[in-house]
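Notes to accompany the following structure.
Only the coordinates and a few stated rules stand behind these numbers; no lab work does. All values derive from a computational prediction rather than experimental measurement. We place every Cβ from the backbone using ideal geometry, glycine too, and count neighbours over all the protein chains shown.
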Amino acid sequence: MKSTKYLELLTRNVKNPILTAADWPYPVHTVFNAGATRLEDGTTLLLCRVEDRRGISHFCAARSTNGVDGWIIDSEPTFSPDPENHPEEMWGIEDPRITFMPETGEYLIAYTAFGKSGPGVAIASTKDFKSFDRFGLVMQADDKDAAIFPCKFNGEYALIHRPTTEMGSNMWISFSPDLRNWGGHVVLLPARRGAWWDANKIGLSPPPIRTDKGWLVVYHGVRRHASGSIYRLGLALFDIDHPEICLSRGKEWIFGPEAPYEKDGDVPNAIFPCGYTVDADNDTVNFYYGAADTVICLATASIVQMLEFLETNGSTDFLGIAGQFAERS
């Protein structure tokens with residue numbers, strides 16, 4: 001007898017939402033879209049997007065020994081907009097994605113700087129999440145949903161980002177020798193067209209996950225319909241040495257808004273992870289996601305199961321330009 005249930009790749013934590021505005025030590029409107037990393041001592045650190053009642057966002061760090069509860073939250077903003085020196089941050093900073101670089105022992109943060117021209121991609125670095133070195137705007141508006149790979153390719157950094165151009169809202173990859181000057185731009189993954197769940201607008205969710213099969217990328221697709229939009233998650237796999245080459249792309253979405261805290265809030269029907277940690281078994285992934293642009297939640301998944309999903313559900317259709325070239329050659 002055939003089952004009518006879909007395979008569940010991500011499992012919601014029973015304590016969701018794990019962080020809300022009520023947990024904050026100072027007045028805030030909402031907390032969501034947190035970058036994540038695991039520190040050297042095993043502590044999970046979330047760099048949370050915090051929106052105040054003006055509508056301006058800043059970042060605040062929350063730390064936990066188990067990554068689920070017992071959060072210790074900085075008593076004041078950890079990383080605030082600096083519009084005097086960086087006018088591109090005039091209307092706030094949003095959606096941080098953290099990448100640890102083992103070679104230098106520093107954390108690179110790609111984030112959205114929101115200014116008069118619109119959202120652009122900015123980068124900052126830190127070693128302690130107390131002091132930060134801003135590199136400034138590296139991708140002009142309209143561009144967002146950015147993260148840096150945790151290694152170099154032929155001596156260059158690689159950045160996934162999502163500019164909105166005449167070609168649409170597709171995911172791109174770019175390369176840089178110094179994190180400030182970027183080139184080699186190529187479409188990494190195009191938004192599909194028509195009735196697909198990821199038609200017309202897609203973007204990176206958390207930073208890429210290194211696996212023995214390649215770079216596993218979780219991305220979001222936006223389905224627009226008569227009563228609004230739905231943000232869901234999908235999977236794609238990229239070559240380990242040539243990350244611009246897509247090897248497989250899932251046909252179906254794997255995770256979407258179902259729980260009340262995901263369906264109701266400032267932006268209903270939105271699932272938006274910006275960070276993850278991997279457990280000691282090198283298989284369990286803890287995804288930290290914003291729900292309805294209002295609270296922070298946690299869902300766990302297996303790397304092995306996600307790769308198996310791509311083996312059975314993946315396709316070589318709808319790849320990026322480099323992936324299509326690799327397929328033909």
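Tell me the relative contact order for the chain as a rounded percent, counting alpha carbon contacts under 8 Å between residues six or more apart.
16 percent
How big is the stretch 206-309 in terms of Cα radius of gyration and Dmax, in angstroms?
Reported Rg and Dmax, both Å: 14.3, 44.
Mind ordering 285-296, 109-120 by average Cβ neighbours within 10 Å, highest first?
285-296, 109-120
Set the Förster radius R0 to 25 Å, insert the Cβ-Cβ distance between ASN154 and ASP133 as r into 1/(1 + (r/R0)^6), and round the FRET efficiency to 0.05.
0.50
Can you tell me the length gained on complete extension of the stretch THR11 to VAL68, counting 0.36 nm per residue apart and subtracting the Cα distance? Before the final figure, lay out each step's value.
Values: separation 57, 0.36 × 57 = 20.52 nm, distance 1.37 nm.
That works out to 19.2 nm of additional length.
Ranking request for peptides 271-284, 123-136, 203-216: highest mean number of other beta-carbon atoms within 10 Å first, then the rest in descending order.
203-216, 271-284, 123-136
By the scheme Lys and Arg +1, Asp and Glu -1, what is the net charge of all other residues having a beta-carbon under 13 Å from that of GLU40?
Counting the neighbours of GLU40, the net charge comes to 0.
Pop a pseudo-label 7 angstrom from the Cα along the beta-carbon direction at both ARG180 and SER227 and give the gap in nm to one decimal.
The modelled label-to-label distance comes out at 5.1 nm.
Full extension from ARG210 to ASP266: what is 0.36 nm times the residue separation minus their Cα-Cα distance, to one decimal in nm? Don't jump to the answer; show the numbers that get you there.
Values: separation 56, 0.36 × 56 = 20.16 nm, distance 3.31 nm.
That pair, ARG210 and ASP266, stretches by 16.8 nm at full extension.
Can you flag which of LYS116/LYS201; LYS201/LYS251; LYS144/LYS263; LYS5/LYS213 are past 19 Å Cα-Cα?
As for pairs spanning more than 19 Å Cα to Cα, those are LYS116/LYS201; LYS144/LYS263; LYS5/LYS213.
At q = 0.09, 0.12, 0.13 Å⁻¹, what log₁₀ I(q)/I(0) does the stretch 17-328 have when each alpha carbon counts as one equal point scatterer in the Debye sum?
Values, matching the q order: -0.40, -0.75, -0.90.
What does the charge count near MET101 come to, summing +1 for each Lys or Arg and -1 for each Asp or Glu among other residues with Cβ under 14 Å from its Cβ?
Working: positive: ARG97, LYS127, LYS152, ARG210; negative: GLU40, GLU103, GLU106, ASP133, GLU156, ASP178.
Local net charge: -2.
Could you order peptides 31-40, 154-163, 225-234 by the average number of other Cβ atoms within 10 Å of their residues, highest first?
Listed from highest to lowest mean packing, they are 31-40, 154-163, 225-234.
Any idea how far the Cα center of the stretch 199-264 sits from the one of the stretch 276-292, in Å?
With the stretch 199-264 and the stretch 276-292 each reduced to a Cα centre, they are spaced 15 Å.
Roughly speaking, what is the centre-to-centre gap between the stretch 109-132 and the stretch 15-84 when only Cα atoms are used, to the nearest Å?
Cα centroid of the stretch 109-132 versus Cα centroid of the stretch 15-84: 15 Å apart.
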